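The values are calculated or read from the model by the stated rules, or taken from the named source; none is laboratory data. In this text the structure is predicted, and so the values were computed from the model without any measurement. FYI the Cβ positions are ideal-geometry reconstructions off the backbone, even for glycines, and counts take in every protein chain you see.
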Amino acid sequence: MDGAPETLAGVKDVDCAGKQALVTGSTNGIGRAAALALARLGADVIVHGRDASAGDAVVDELTAIGVDGTFLGADFADLEAVRGLADTVRAETDGLDILINNAGALIREGRVTDLGVEYTFHVNHLAPYLLTIELLDHLQPGARVVTVASAAHQGVSLELDRVTNVDRHTGVWAYSHSKLANVLFATELAWRLDHAGREVTANSLHPGAIPGSGFSRFLPGPIPRLVRALDSLPGVPTVADGAAELLFAAVSPRVADVSGRYFSGQRLATPSVAARDADAARRLWEYSADVLHIDEPLVESPNTRPVADDA
């Protein structure tokens with residue numbers, strides 16, 4: 001049985017020839033698997049990460065498939081690096097058809113970046129927010145923006161007052177809060193794109209709990225070793241399964257016109273109540289622009305929004 005992500009996502013016959021994709025956090029784990037799957041579908045792929053040698057190795061795999069691959073390094077804790085990444089993408093491509101915001105981290109200790117913002121929130125939300133905004137005018141008609149969130153967003157509400165204060169920091173809360181921000185960001189982006197008349201969709205998703213994704217390296221003590229051991233057990237979700245979730249949202253014809261929604265298990269799902277709070281989504285959008293010292297993007301937003309239907 002073919003266990004490739006494109007097969008698992010039901011998109012192996014989708015033709016992505018001539019399309020340009022950027023997958024952040026694609027030097028390993030589900031990002032790498034998604035990048036290679038997009039290449040097998042014919043897309044040219046920009047690989048992003050912090051490890052140049054790992055990035056070059058993925059590019060070699062893309063070249064072997066027969067598509068154009070490029071590695072661009074950027075530390076998402078560094079805003080100028082994020083802006084530089086966007087600048088290079090704009091300079092070296094004619095447009096972007098697929099943007100997968102996959103890069104993320106879980107930082108256990110309470111610390112802030114040079115911006116004065118809690119590290120996990122900065123890397124997981126502010127960096128992809130900024131990258132997406134910097135690339136808005138480079139997105140082709142019909143482009144899809146996919147932001148990798150997590151079911152971990154459930155159980156928290158938006159607390160922007162805690163973003164610059166780490167006195168009550170816990171790694172799990174910070175991660176969950178950043179994943180809530182991912183869902184709210186994707187929903188708000190979708191509304192604003194639609195209101196601006198842009199033919200671009202934006203969605204978020206839960207990729208599943210993937211032992212082999214490499215994310216366990218952020219966890220304490222012996223947990224990473226135990227998680228890696230789970231990867232060999234039957235029935236445990238694999239990296240290919242996680243990558244299939246990304247591919248489904250990024251290229252499946254079944255959801256080509258879907259925007260502002262949350263996926264789980266390759267199906268429309270209903271995120272938490274906090275993740276469906278339109279006022280919180282708007283506040284997050286405005287706060288993010290303010291803390292990044294940029295003009296609020298796509299400023300014209302609808303005044304009323306319906307609550308998402310149950311999937």
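Show the residue pairs meeting these rules: Cβ distance below 8 Å; 6+ apart or different chains; first residue within region 26-51 and under 14 Å from Ala240 (Cβ atoms) and surrounded by fewer than 24 Cβ atoms within 10 Å (Cβ to Cβ); second residue at pLDDT 95 or above and small (Gly, Ala, Ser).
Asn28/Gly49; Asn28/Ala54; Gly29/Gly242; Arg40/Ala4
Given the condition crowded, with 20+ Cβ neighbours inside 10 Å, outside any loop (DSSP other than H, G, I, E, B) and of a type in the set (S, T, N, Q), answer yes or no: does some residue in region 150-171 qualify?
Looking through region 150-171, none of the residues is crowded, with 20+ Cβ neighbours inside 10 Å, outside any loop (DSSP other than H, G, I, E, B) and of a type in the set (S, T, N, Q).
Considering only region 130-149, how many residues are assigned to a helix (DSSP H, G or I) and either farther than 23 Å from Ala21 by Cα or under 12 Å from the mean Cα position of the chain (by Cα) (or both)?
2
For region 52-78, which residues satisfy the criterion of being buried (at least 19 other Cβ atoms within 10 Å of the Cβ), in contact with a helix residue (DSSP H, G or I) (Cβ under 6 Å, 6 or more places away or on another chain) and in a helix (DSSP H, G or I)?
Val58, Leu62 - these are the residues of region 52-78 that are buried (at least 19 other Cβ atoms within 10 Å of the Cβ), in contact with a helix residue (DSSP H, G or I) (Cβ under 6 Å, 6 or more places away or on another chain) and in a helix (DSSP H, G or I).
Given the condition under 30 Å from Leu292 (Cβ atoms), surrounded by fewer than 22 Cβ atoms within 10 Å (Cβ to Cβ), touching a residue at least 24 places away in the same chain (Cβ under 8 Å) and of a type in the set (S, T, N, Q), answer yes or no: does some residue in region 3-23 qualify?
Looking through region 3-23, none of the residues is under 30 Å from Leu292 (Cβ atoms), surrounded by fewer than 22 Cβ atoms within 10 Å (Cβ to Cβ), touching a residue at least 24 places away in the same chain (Cβ under 8 Å) and of a type in the set (S, T, N, Q).
Which residue pairs have Cβ atoms closer than 6 Å, lie 6 or more positions apart in sequence or on different chains, and pair a first residue in region 263-275 that is touching a residue at least 60 places away in the same chain (Cβ under 8 Å) with a second residue that is assigned to a strand (DSSP E or B) and among the aromatic types (Phe, Trp, Tyr)?
Qualifying pairs under 6 Å: Ala269/Tyr262; Pro271/Tyr262.
Filtering region 192-217 down to residues that are within 22 Å of Ala103 (Cβ to Cβ) and part of a loop (DSSP other than H, G, I, E, B), which residue is modelled with the lowest pLDDT?
Filtering region 192-217 for residues that are within 22 Å of Ala103 (Cβ to Cβ) and part of a loop (DSSP other than H, G, I, E, B), the one modelled with the lowest pLDDT comes out as Gly214.
Tell me, yes or no, whether region 10-25 has at least one residue that is modelled with pLDDT under 95, small (Gly, Ala, Ser) and either part of a loop (DSSP other than H, G, I, E, B) or in contact with a helix residue (DSSP H, G or I) (Cβ under 8 Å, 6 or more places away or on another chain) (or both).
no
Among the residues of region 114-124, which ones are without any contact (Cβ under 8 Å) to a residue 60 or more places away in the chain, surrounded by 20 or more Cβ atoms within 10 Å (Cβ to Cβ) and not in a strand (DSSP E or B)?
Tyr119, Thr120, His122, Val123, Asn124, listed by residue number.
Take Ser252 and tell me if it is out of contact with any strand residue (DSSP E or B) (no Cβ under 9 Å at 6 or more places or on another chain), at pLDDT 95 or above, of a type outside the set (A, V, I, L, M, F, W, C) and closer than 20 Å to Ala35 by Cβ.
So Ser252 passes the test.
Quick one: Ala127 ticks every box in (1) at pLDDT 95 or above; (2) surrounded by fewer than 23 Cβ atoms within 10 Å (Cβ to Cβ); (3) in a helix (DSSP H, G or I) except a single one, so which number is it?
Checking Ala127 against (1) at pLDDT 95 or above; (2) surrounded by fewer than 23 Cβ atoms within 10 Å (Cβ to Cβ); (3) in a helix (DSSP H, G or I), the one that fails is (2).
Against the condition touching a helix residue (DSSP H, G or I) at 6+ places or on another chain (Cβ under 7 Å) and either in contact (Cβ under 8 Å) with a residue 12 or more places away in the chain or surrounded by fewer than 24 Cβ atoms within 10 Å (Cβ to Cβ) (or both), how does Ala81 come out, does it pass?
no
Hydrophobic (A, V, I, L, M, F, W, C), in contact (Cβ under 8 Å) with a residue 24 or more places away in the chain, out of contact with any strand residue (DSSP E or B) (no Cβ under 8 Å at 6 or more places or on another chain) and under 25 Å from Ile133 (Cβ atoms): is that true of Phe71 in this structure?
no
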